[in-house]
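K.L.:
Take this structure first; my questions come after.
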Amino acid sequence: MATLFEYLDWRGDVPFNAVPFNEVDALLLCQLAYLDYSGLVGDSFSARVPLSAAADSFFTADDYTRRAELGLLINPQTVSLLRAAGASVRFGSVRMCAFRAVIDHEAEEQFCAVTYILEDGSRRRRLPGGVKPRVFVSFRGTDDTIVGWKEDFNLAFMSPVPAQKDAAEYAQQAASVFSRSALCFGGHSKGGNLALYAAMCAPASARKRLSDVYNFDGPGLTVRQTALPEYKAVAPVFRSFFPRFSVVGMLFEHAESFTAVQSTESGLMQHDPLSWQVRRTSFETLPELDRGSWYIDRTVNGWMNSLPQEQVRQFVDVLFSLLTAADARTNSDLAKDWLGSSAAILKAFTALPSESRDLLLDVTGRLISLGWKNLHLPHLLPE
């Protein structure tokens with residue numbers, strides 16, 4: 001079983017001009033986007049720092065302990081991945097720029113992006129003016145913050161959410177700065193959704209330079225968005241990869257095809273990219289997803305589509321009002337004092353107006369009912 005770490009052992013000494021950028025490289029760079037480079041990589045596209053230098057600064061920073069704490073949901077080995085990538089020939093000379101991170105509790109937004117400049121000289125489309133570096137724009141997925149999860153839920157009834165707006169603006173700026181470069185967008189989890197949305201919103205001149213848009217187990221877009229001509233114009237370069245048991249990636253609509261990837265983990269833990277199995281230039285793939293993934297798809301999407309958007313909005317608002325009652329900003333905060341957090345949430349639930357409690361119970365009951373119904377469909381039974 002080979003992971004991204006073994007990939008670095010195999011390809012770490014091979015520059016991009018010898019073996020071109022591939023899907024495994026894209027996943028690795030997307031995983032590194034979960035780290036905090038604030039103060040180490042500037043927020044402009046003009047200040048460019050080698051990944052090796054960013055890694056050195058990361059590990060020698062006075063607040064290294066804080067930066068290395070990634071919370072409950074992001075694999076802590078991501079820090080080791082940065083060390084190994086920074087020390088490699090393949091990634092060490094990659095230049096990083098425009099690191100931007102936003103946490104806005106009032107706007108209910110969690111957004112982060114970073115751009116990598118690859119001196120590989122490879123491209124899928126011939127562009128005028130000679131060979132230029134390939135530029136990879138990576139969007140971070142959902143982090144440990146509760147506001148980040150709230151924005152994920154808001155995707156069910158709000159279009160676009162603030163992070164999607166920022167992703168589109170960020171990508172347009174990157175396309176303008178690197179106006180003669182081949183472009184790639186990508187992201188893991190919500191970052192994959194942001195990559196899809198940013199590509200769809202890109203100017204026509206930029207869409208012509210998009211070689212690939214990578215979505216690594218990220219939610220799709222809405223039915224309305226996938227019907228737009230802008231979406232259809234870039235869909236041919238969308239490349240979606242889901243682990244064999246996918247939950248997050250099954251959310252919303254995916255008009256594009258996808259590839260199932262083998263993982264060393266089971267169940268929900270397969271969402272972790274560091275568990276994905278790789279070959280020398282590609283993933284270890286499977287012919288199809290587990291039936292459990294299709295059960296999730298049919299149940300959760302069917303549940304959301306059966307509810308009026310306003311009811312979904314009310315449900316999400318009430319649900320997260322209970323979580324914030326525990327006075328926690330992150331999932332890690334909830335876990336540190338799970339007993340106290342549970343008591344605070346229960347107390348907040350009992351204090352809800354009767355119509356809010358009824359809404360929670362009714363909407364949750366519909367999900368359970370649909371899930372039970374789908375359990376009796378043989379082709380959807382989880383393996």
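K.L.:
Pull up all non-local amide H partners of GLU109: gap of 5 or more, or a different chain, and H-to-H distance under 5 Å with H placed in the peptide plane.
P.N.:
ASP104
K.L.:
A further question follows. Could you check the simple spin-label distance between LEU286 and THR65, using points 7 Å along Cα→Cβ, in nm with one decimal?
P.N.:
So the two model labels end up 4.1 nm from each other.
K.L.:
A further question on this structure: Taking the Cα centre of the chain as origin, sum charge times position over the Cβ atoms of Lys and Arg (+1) and Asp and Glu (-1), and report the length of that vector in debye to the nearest 20.
P.N.:
Computed charge dipole of the chain: roughly 1480 debye.
K.L.:
Please give every one of the aspartates and glutamates within straight-line cross-link reach of LYS208, meaning a C-alpha to C-alpha distance under 15 Å, and leave out same-chain neighbours fewer than 8 residues apart.
P.N.:
GLU230
K.L.:
Then there's this: How far apart, in nm, are two points set 7 Å out from the Cα along the Cα-to-Cβ line at SER38 and at LEU370?
P.N.:
Taking the two extended label points, one gets 3.7 nm.
K.L.:
So for the stretch 32-171, what are the equivalent ellipsoid semi-axes in whole Å, largest first, each being the square root of 5 times an eigenvalue of the Cα gyration tensor?
P.N.:
Calculated on Cα positions only, the semi-axes equal 26, 22, 12 Å.
K.L.:
Also, quick follow-up: Work out from phi, with θ = phi - 60° and the Karplus expression 6.51 cos²θ - 1.76 cosθ + 1.60, the ³J(HN,Hα) of each residue of the stretch 260-275, listed in order in whole Hz, and give x for Gly and Pro.
P.N.:
With the stated coefficients, the stretch 260-275 comes to 8, 10, 6, 9, 7, 8, 10, x, 4, 5, 5, 5, 6, x, 6, 9 Hz.
K.L.:
Here's something else I'd like to know. Label the stretch 193-232 by shape, choosing from rounded, prolate and oblate, from the square roots a ≥ b ≥ c of the eigenvalues of the Cα gyration tensor; if a/c is under 1.5 it is rounded, and otherwise prolate applies when a/b is larger than b/c, oblate when it is not.
P.N.:
Oblate, since a/c reaches 1.5 and b/c is not below a/b.
K.L.:
Now for a separate question. Below 8 Å between Cα atoms, with a sequence gap of 6+, how large is the relative contact order for the stretch 247-288 in percent?
P.N.:
Computed value for the stretch 247-288: 41 percent relative contact order.
K.L.:
Would you grab the residues whose amide H sits under 5 Å from the one on ARG279? Only those 5+ places off in sequence or on another chain, please, with H modelled 1.01 Å from N.
P.N.:
GLU284
K.L.:
Of ARG180, ARG291, which has the most accessible area with a 1.4 Å probe, and how do the rest follow in descending order?
P.N.:
From most exposed to least exposed: ARG180, ARG291.
K.L.:
Where a Cα-Cα gap under 27 Å defines reach, which lysines qualify for LYS336, not counting those fewer than 8 residues away within the same chain?
P.N.:
Within reach: LYS150, LYS190, LYS347.
K.L.:
Under a 1.4 angstrom probe, counting protein chains only, how are ILE345, ILE74 ranked by accessible area, largest first?
P.N.:
Output order, biggest surface exposure first: ILE345, ILE74.
K.L.:
Let me ask something else about it. With every protein chain present, what accessible area does SER293 have (1.4 Å probe, heavy atoms only), rounded to the nearest 10 Å²?
P.N.:
Using a 1.4 Å probe on the heavy atoms, I get roughly 0 Å².
K.L.:
Quote the relative contact order of the stretch 210-268 in percent (integer), defining contacts as alpha-carbon pairs under 8 Å separated by 6+ residues.
P.N.:
Averaging sequence separation for qualifying contacts and normalising by length gives 41 percent for the stretch 210-268.
K.L.:
Shifting gears a bit: Roughly how many Å² of MET250 are accessible to a 1.4 Å probe, to the nearest 10?
P.N.:
10
K.L.:
Using helices alone, I'd like the mean residue ellipticity at 222 nm for the chain: each DSSP H run of four-plus residues gives -39500 (n - 2.57), total over residue count, nearest 500.
P.N.:
-12000 deg cm²/dmol
K.L.:
In whole Å, what is the distance between the alpha-carbon centres of the stretch 42-109 and the stretch 137-177?
P.N.:
With the stretch 42-109 and the stretch 137-177 each reduced to a Cα centre, they are spaced 18 Å.
K.L.:
What number, in percent, do you get for the relative contact order of the chain if the mean sequence gap of Cα pairs under 8 Å and at least 6 apart is divided by its residue count?
P.N.:
This gives 15 percent for the chain.
K.L.:
Continuing with the same structure: In whole angstrom, how far apart do the alpha carbon centroids of the stretch 248-264 and the stretch 281-336 sit?
P.N.:
Here the two parts' Cα centres lie 15 Å apart.
K.L.:
If you rank THR226, THR65 by how much accessible surface each has, with a 1.4 Å probe, what is the order from largest down?
P.N.:
THR65, THR226
K.L.:
Quick one: if the Förster radius is 22 Å, what FRET efficiency do ASP317 and GLU169 give, using the C-beta to C-beta distance and rounding to 0.05?
P.N.:
Once the sixth-power term is evaluated, E becomes 0.25.
K.L.:
On to the next question. Please give the peptides 362-374, 156-168 ranked by average Cβ packing (other Cβ atoms within 10 Å per residue), highest first, as a rough proxy for protection.
P.N.:
Those peptides, ordered most packed to least, come out 156-168, 362-374.
K.L.:
So, by mean Cβ neighbours within 10 angstrom, what's the order for 194-200, 208-214 with the highest one leading?
P.N.:
Descending mean neighbour count gives 194-200, 208-214.
K.L.:
Moving on to the next point. Pull up all non-local amide H partners of VAL261: gap of 5 or more, or a different chain, and H-to-H distance under 5 Å with H placed in the peptide plane.
P.N.:
Result for VAL261 returns PHE242, ARG244, LEU286.
K.L.:
Turning to a different aspect of this structure: Helix by helix through the chain, keep the DSSP H runs that span 27 Å or more along the axis on Cα and average at least 1.6 on Kyte-Doolittle, and give those back in order.
P.N.:
Helices passing the filter in the chain: none found.
K.L.:
Whole-Hz ³J(HN,Hα) for each residue in the stretch 97-106, computed from phi via Karplus 6.51 cos²θ - 1.76 cosθ + 1.60 with θ = phi - 60°, x for glycine and proline: what do you get?
P.N.:
Each residue's phi maps through the Karplus curve to give 7, 6, 7, 9, 9, 10, 10, 10, 5, 5 Hz.
The values are calculated or read from the model by the stated rules, or taken from the named source; none is laboratory data. None of these values were measured; they are calculated from a predicted model. Glycine also receives a Cβ, built like all others from the backbone with ideal geometry; neighbour counts cover every protein chain displayed. Accessible surface areas use protein heavy atoms only, side chains included; no ligands, DNA or RNA. Shrake-Rupley method; radii C 1.70, N 1.55, O 1.52, S 1.80 Å.
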